[in-house]
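**Q** My questions all concern the structure below.
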Amino acid sequence: MEKTFKILNEEGMHARPAGAFVKVASEFKSNIEIMANGTKKNGKSIMGLMSLGLAKDSEITVITTGEDEVAAMTKLSTLIENKFQL
């Protein structure tokens, strides 16, 4: 399953939001990937996410595949929409 989002927080995806994303993503067994600017990274890797250099209003596509992909997408969607506030 995949869904596209805009990064809403002013600072983009720096260390704190990337850490929050990885923390939530790691709760799930499903494979979680982030695609931005034609590059795909592991959603459970803080360094991978930070290497995308995502600024405010960047578009990302979250891709979840596996046994709990719907639950993972639901929780990650909420996280992104809430500007990475846990």
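**Q** Could you list all residues from the stretch 57-86 that are assigned to a helix (DSSP H, G or I), closer than 13 Å to residue 21 by Cβ and in contact (Cβ under 8 Å) with a residue 24 or more places away in the chain? Break it down into steps so the answer makes sense when it comes.
**A** Taking the stretch 57-86 first, the residues assigned to a helix (DSSP H, G or I) are 69-81.
Right, trim to closer than 13 Å to residue 21 by Cβ and you get 72-73, 75-81.
Within the stretch 57-86, 72, 73, 75, 76, 77, 79, 80, 81 qualify.
**Q** A follow-up question, please. Just to verify a result, which residue in the stretch 1-35, among those that are hydrophobic (A, V, I, L, M, F, W, C) and more than 10 Å from the chain's Cα centre (by Cα), is surrounded by the most Cβ atoms within 10 Å (Cβ to Cβ)?
**A** Of all residues in the stretch 1-35, those hydrophobic (A, V, I, L, M, F, W, C) come to 1, 5, 7-8, 13, 15, 18, 20-22, 24-25, 28, 32, 34-35.
Next, only the ones that are more than 10 Å from the chain's Cα centre (by Cα) stay: 1, 8, 15, 28.
Values: 1: 13, 8: 13, 15: 11, 28: 20.
Step by step, filter the stretch 1-35, then rank; the result is 28.
**Q** Every residue in the stretch 54-72 that is in contact with a strand residue (DSSP E or B) (Cβ under 7 Å, 6 or more places away or on another chain) and closer than 9 Å to residue 32 by Cβ, please. Spell out the reasoning first.
**A** Residues of the stretch 54-72 that are in contact with a strand residue (DSSP E or B) (Cβ under 7 Å, 6 or more places away or on another chain), as a first pass: 54, 57-66, 72.
Those that are in contact with a strand residue (DSSP E or B) (Cβ under 7 Å, 6 or more places away or on another chain) and closer than 9 Å to residue 32 by Cβ: 62, 63, 64, 65, 66, 72.
**Q** Filter the stretch 4-56 down to the residues that are farther than 19 Å from residue 85 by Cα, charged (D, E, K, R) and not in a loop (DSSP other than H, G, I, E, B) and list them by number.
**A** Passing the criteria: 33, 40, 41.
**Q** Go through the stretch 59-73 and report how many residues are surrounded by fewer than 16 Cβ atoms within 10 Å (Cβ to Cβ) and closer than 19 Å to residue 9 by Cα.
**A** Keep residues of the stretch 59-73 that are surrounded by fewer than 16 Cβ atoms within 10 Å (Cβ to Cβ), which gives 59, 61, 65-68, 70-71.
The next check asks that each one be closer than 19 Å to residue 9 by Cα; those that pass are 59, 61.
Residues flagged as surrounded by fewer than 16 Cβ atoms within 10 Å (Cβ to Cβ) and closer than 19 Å to residue 9 by Cα within the stretch 59-73 amount to 2.
A short reminder: the numbers here are calculations on the coordinates, not readings from a lab. What you see is a predicted model; the values in this text were computed from it and never measured. Please note: Cβ atoms are built from the backbone with ideal geometry, for glycine as well, and neighbour counts cover all protein chains shown.
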